[in-house]
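The structure appears below as structure tokens.
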Amino acid sequence: MSGLNLELLFREKEQFHFNASLPAPLCFKKTIFTMYARNALYKMGKSLAKNEKRKVVLVPAYSCGDEIASLVGAGLEIRPYEITDNFQVNLSDLFARKDKETLAIMVTHFLSIPSVNIFEIKEFARKNKIFLIENCAHVFDAKLKNVHLGEIGDFSVFSIRKFLPLPHGGALVINNPSLEKPTFTLPPNEAVMFDFLVYLERQLNIFSLGTTIDKIYKNFGIKIKNKHGQRLEKWGGYELSLSNFSKNLIMRMEIKEIMKKRREVFSFYTDFSRLLIVSDLRPSLPLSPTKLIQFFIL
Ligand SMILES: Cc1ncc(COP(=O)(O)O)c(C=O)c1O
């Protein structure tokens with residue numbers, strides 16, 4: 001892995017407005033690109049927790065786990081609120097869970113389906129001096145009432161590797177000017193190469209679908225703590241920004257084509273989902289939690 005230095009190869013292109021062709025708010029100059037969405041959550045979580053007695057973040061009871069682990073890692077406590085069968089916030093449940101310990105609310109637009117009550121939640125948060133974290137990990141090119149998802153919360157995070165062919169990629173959009181901009185450091189070549197190899201293995205179907213990250217890593221002789229975990233902790237973990245390599249990939253992508261394809265896929269799934277018996281979905285997070293995780297138990 002040491003022969004080819006992807007980061008060095010793409011270094012000079014660093015200063016380009018590489019994100020110009022992405023949909024809003026990802027195309028904005030102010031958008032900060034990170035290696036993963038969780039990096040942004042961790043750093044912003046740390047900065048929210050600083051000088052604050054309140055530590056509780058109200059989080060959706062459906063979760064992938066990494067977004068929760070990063071908030072907990074930042075020193076925050078989490079308290080889940082209910083999500084309805086159609087991926088919406090149960091407003092009365094959420095509002096009832098707020099108390100004087102509540103510092104923030106995280107709202108997730110699951111599978112890019114807008115959380116339609118988010119403006120009401122924003123108003124509730126504003127009145128109660130609570131921060132609103134908008135989790136756009138699954139969002140690409142989506143709007144609600146003519147506002148781009150990602151522009152509503154005090155800040156929002158995206159996991160761009162979920163919808164673009166990239167080895168890694170997250171983004172942070174800060175909408176509340178009173179929030180400090182965190183800094184991230186470029187990943188070392190080893191980290192970039194490693195993610196790239198894992199990505200290629202997946203693209204080439206070397207590992208069967210559903211193989212967890214820890215098993216892939218094991219193949220390279222590396223042991224990591226859990227199957228979702230903070231897999232680059234050795235190389236900087238939550239501190240890492242998007243690599244120059246990935247920025248260059250973004251610059252070369254046919255973003256409009258990708259957006260078109262995603263819209264088609266999204267409407268296929270929304271049609272299909274009408275046939276699903278959604279009452280089979282149960283929250284993965286117990287509502288009085290100490291333990292967490294994973295999206296759905298089907
Ligand atoms: C809702 C949600 N938030 C955050 C994340 C974390 O994204 P990343 O893997 O880019 O850190 C994920 C997925 O992994 C997710 O599904």
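Read the figures in this text as sums done on the coordinates, not as results from a lab. The structure displayed is predicted, hence computed values, not measured ones. As a convention, Cβ positions derive from the backbone with ideal geometry for all residues, glycine included, and neighbour counts pool all protein chains shown.
Annotations for the structure displayed:
- For R202, R252, R126, the sequence from fewest to most other C-beta atoms within 10 Å is R252, R126, R202.
- The range 1-105 - percent relative contact order, Cα under 8 Å, separation 6 or more: 24 percent
- Cα centroid separation - the range 19-97 against the range 128-162, whole Å: 10 Å
- The chain: C-alpha gyration tensor shape, a/c 1.5 cut-off, then a/b vs b/c: rounded
- Estimated purely from DSSP H runs of n ≥ 4, each contributing -39500 (n - 2.57), the mean residue ellipticity at 222 nm for the chain is -9000 deg cm²/dmol once divided by its residues.
- Summarising the strand pairing of the chain, around 40 percent of its internal DSSP beta bridges are antiparallel.
- A straight Cα-to-Cα reach below 15 Å connects K100 with the aspartates and glutamates E52, E77, residues fewer than 8 places away in its own chain not being considered.
- Phi-based couplings in Hz for the range 34-44 (Karplus 6.51, -1.76, 1.60; Gly and Pro marked x): 10, 6, 9, 4, 4, 4, 5, 5, 4, 5, 5
- Relative contact order of the chain, taken over Cα pairs closer than 8 Å and 6 or more residues apart, is 25 percent.
- DSSP beta bridge pairing in the range 25-180, given as percent antiparallel to the nearest 5: 35 percent
- Listing C27, C64, C136 from fewest to most neighbouring C-beta atoms within 10 Å gives C27, C64, C136.
- Which of M253, M106, M193 has the fewest Cβ neighbours within 10 Å, and the rest in rising order: M253, M193, M106
- Whole-number percent relative contact order across the range 109-211, with pairs defined as alpha carbons under 8 Å at least 6 apart: 19 percent
- Working ranking of peptides 50-56, 33-39 by packing, defined as the average number of other Cβ atoms within 10 Å per residue, highest first, is 33-39, 50-56.
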